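To start, the structure itself, in structure tokens.
The values are calculated or read from the model by the stated rules, or taken from the named source; none is laboratory data. Worth saying up front: this structure is predicted, and the values here are computed from it rather than measured. Neighbour counts are summed over all protein chains in view; Cβ atoms, including those assigned to glycine, are modelled from backbone coordinates with ideal geometry. The area values use the complete protein model at the heavy-atom level, side chains included, leaving out ligands, DNA and RNA. Shrake-Rupley method; radii C 1.70, N 1.55, O 1.52, S 1.80 Å.
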Amino acid sequence: MFDAEATEKELRSLTSVQVGPETKEYNLLRADEEYRNGNEKDSIYYQVRALFQCADMRLLTEAQELENQLPNASEILLEATPREKADYKRNKFLQNILNYQLKLEKCTRTPKNTAIDSLDFLQDVQDPKVGYARITEVCHQLPEEWCVLQLCKSFNAATTYSTFCEIAAANGDIYVSLLRHCRSPELEPTCLHFNSDALGNLFKEYGTMVERFRRVVTVDPLAVKDHESKAKYWKELHAFEEYLKKLIADLTSVFMPYCFMFLGKRYADAAVQQQTKLIFDRVDEFCVEHRWSNHQRILLSQAALHANRLPHDQMKQLSYELNSNSNNNNNETEALLVYELLKSCATKWQKLEQRQPLAAKRFPIILVVDERLDHMHWEQLAPMQECTRIKSLHSLWRLFKHHKAQIQHGYYMVNIKSGITLVNPDADLENSGRRLRSFLEYWLSHWQHMFETVPTEQFMIEKAFKADCFVYAGHGSSLQYVSSRLIYRNRIKGVIFLFGCDSTRVLSSGLYSALYGAQDYYHGALCPTVVGTLMPALDGNMDNVSANILSQWIAPAEQQIIPWASIDRAAWVSQGTVKALKGNSETLEQQPDYHTGSLSAILANVQMGKVEPKIYNCSVYVCRGLPAWNAAVQELPL
């Protein structure tokens, strides 16, 4: 079809910025061809390459170069004039400062970077097998508690001359690569390929979903005051709810019976470790006896680890599908044996979880999501699972390396006791501004708040970006108040909440270009965690979700107040009044288990509809970056 060797040689001589979107399409094309030819490992390599967008490399490297230009203590002394050196010898205070800086630089001096430590750890790779080995090496160094799944859409020849809406709606296959799974590092990464006929219609419907919702909810308040207009509005909103439920059900059905892949490893106490070992031993014994491949072994291990979360019809379907890849002629018998094995594992896990509730908890999974699939509701495939998203394995690796010292048991550990909020800066969300002001003054009175004031870039850089936690609530994502270049040039240490419509939705800036959301700029500045939305949401419901997330994850100034879950929601939504529900007088101090340390666990509760039951209100909130744990409200139970 083309000269692959010549094409790769030409591409290696250029950067991805120079060659543009064709680089991604070329890598996706190679991923398709290698998978069809049975070279699964090579396909994974090309998928990982395809998802790494280099268009922002210039800004990332520019920020790094600015940091590298800062002189160290030795250079300062070397460049000093004779008079300055004489002053230095007489000035004990200056000597102490420079001596301290010299010691600090000596302690923090890093060895020369190897290829795996570079921003693009595949940059020097020419052989796909070497690239796959490099990817495996990277994944082995990630926390052992993580499962990392990569979702990638297949090659589409029309992409380079299509608009984003056309690209999103175009038919294609989906690759799900288990880069790090329940049997890592013992067994290598593996990949599944989904090409259901239903995917074509699914992509088409998802391509118009956001605009469909906008048409329903974008109304003139003056035009919906009479009974008939209100009835029409609620009827259309109910119709959209049913439409979205069906859309998510169709997405789930495409991945049946493999939704268990979206479940993470169980909390590893002694009892869980013992039972996990026994179950994996049974799986290994079965796979050896029936000559199953490592691919089958990984999937069966994952299913056995979460067997009590699988309905019996999915167990049976999985048993036959896994067995269909076997070379054995006794397919029916093998399938029944797999089914009985999964049922036995389900019973064992159920009994253990009843005796020991901690056994039911699972570590977060990291979803590496292709930009062309990012608008889809992946969290809904396993809504009870703690989950975060990231745009590429390269981005995850960069965040992990920078924040490694603060990661324990798979969580980025923070101790948030103060922060900064920016609420309704355009002063045109009257009801929302009133609600959030009353909540923040009630729950986070000790924080610094900015209400109904447009921030300067200086405020964003010197205040918001340096806070332990920054909360934005207003239109969009906050990017309208600070340039992307300035974000990249800074280092953001805190967790960021963006409570606005489409706040972390990825968008295109041209006919075809890399898609970016606010989280990509913040992650570029090494911000560890960003919480935001995939699409628009209704103001009152978003305010309720944001208040619930913040109240569960962050402690108030004092404990002698009514927990937010016991506040009269109707009075707060309609009037912005904070008062306890009738008959509730118990204070936060009397509810020691009110808070949750894991941010992604709180988001999972939102995804399950525990805060807002309507699917269009609960399925839009996502966590991006590293899974964070606030030790100020709860200690790790491990």
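Remarks
- The residues of the chain expose, per residue, 45 Å² of accessible area to a 1.4 Å probe.
- Theoretical ellipticity at 222 nm over the chain - DSSP helices of four or more residues, -39500 (n - 2.57) apiece, nearest 500: -15000 deg cm²/dmol
- Rounded to the nearest 0.05, the FRET efficiency derived from the C-beta distance between GLU144 and GLN101 at R0 = 30 Å is 0.25.
- In the range 347-458, lysine pairs closer than 20 Å at Cα, eight or more apart or cross-chain: 4
- Column: log10 I(q)/I(0), Debye, Cα scatterers of the range 276-353, q = 0.18, 0.19 Å⁻¹: -0.64, -0.71
- Descending by average beta-carbon neighbour count within 10 Å, the peptides 550-560, 155-165 line up as 550-560, 155-165, the highest first.
- For HIS475, the residues 5 or more places off, or on other chains, whose built amide H falls under 5 Å of its own are ASP426.
- Across the accessible surface of the range 578-638, with the other protein chains kept in place and a 1.4 Å probe, carbon and sulfur atoms take up 44 percent.
- On the range 257-406, 50 percent of the accessible area sits on carbon and sulfur atoms, based on a 1.4 Å probe.
- If the chain linking ARG214 and GLN448 were pulled fully straight, counting 0.36 nm for each residue of separation and taking away their Cα-Cα distance, it would gain 80.9 nm.
- Size of electric dipole in the range 372-471: Cβ of Lys, Arg +1 and of Asp, Glu -1, about Cα centre, debye, nearest 20: 520 debye
- Förster-model FRET efficiency, 22 Å R0, LYS245 and ASP197, C-beta, rounded to 0.05: 0.55
- Long pairs among LYS153/LYS232; LYS265/LYS466; LYS246/LYS610; LYS245/LYS316, criterion Cα-Cα beyond 28 Å: LYS153/LYS232; LYS265/LYS466
- Whole-Å semi-axes of the ellipsoid equivalent to the range 452-523 (Cα gyration tensor, √5λ, descending): 20, 14, 12
- The Rg/Rh ratio for the range 529-638, using Cα coordinates for both the radius of gyration and the Kirkwood hydrodynamic radius, is 0.97.
- Between the C-alpha center of the range 487-506 and that of the range 124-181 there is a gap of 24 Å.
- Two-decimal log10 I(q)/I(0) for the range 355-411, as the Debye equation yields it once each C-alpha is a single scatterer, q = 0.29 Å⁻¹: -1.20
- Applying both filters, DSSP loop and at most 14 other Cβ atoms within 10 Å, to the chymotrypsin sites (Phe, Trp or Tyr not before Pro) of the range 195-227 eliminates every site.
- Alpha carbon Rg of the range 460-499, scaled by the compact-globule rule 2.2 N^0.38 Å: 1.08
- LEU119 versus TYR320: modelled label distance in nm, points set 7 Å from Cα along the beta carbon direction: 5.2 nm
- The modelled label-to-label distance between THR163 and GLU289, using points 7 Å beyond Cα along the C-beta direction, is 5.9 nm.
- Equivalent ellipsoid semi-axes, the range 225-332, via Cα gyration tensor eigenvalues times 5, rooted, Å: 43, 19, 9
- Rounded to the nearest 20 debye, the dipole size of the chain about its Cα centre is 1500 debye, using +1 on the Cβ of Lys and Arg and -1 on the Cβ of Asp and Glu.
- ³J(HN,Hα), Karplus 6.51/-1.76/1.60, whole Hz, each residue of the range 195-206, x for Gly, Pro: 9, 4, 4, 6, 5, x, 5, 4, 4, 5, 5, 5
- Take each peptide in 79-89, 236-246, count the other Cβ atoms within 10 Å of every residue, and average; sorted highest first, the result is 236-246, 79-89.
- Applying the Kirkwood pairwise sum to the alpha-carbon positions of the chain produces a hydrodynamic radius of 26.7 angstrom.
- Antiparallel content of DSSP bridges confined to the chain, in %, to 5: 45 percent
- Taking 1.567 mPa s as the viscosity and 4 °C as the temperature, the Stokes-Einstein diffusion coefficient of the range 510-555 based on its alpha-carbon Kirkwood radius rounds to 99 µm²/s.
- Amide H contacts of LEU507 (H built 1.01 Å from N, under 5 Å, at least 5 apart or other chain): TYR516, GLY517
- Each principal axis of the Cα atoms in the range 165-227 has its own extent, and those three values, largest first, are 65, 25, 19 angstrom.
- Cα Rg, Dmax, the range 125-179, angstrom units: 15.4, 42
- Taking label points 7 Å from Cα along the Cα-to-Cβ direction, SER253 and LEU187 give a separation of 3.0 nm.
- Restricting the range 173-225 to trypsin sites (Lys or Arg not before Pro) in coil, as DSSP defines it, with at most 10 other Cβ within 10 Å: LYS225
- Across the range 107-223 the C-alpha pair distances fall into 10 Å bins from zero in the proportions 11, 25, 26, 23, 10, 5, 1 percent.
- Convex hull per residue volume in Å³, alpha carbons only, for the range 476-593: 135 Å³
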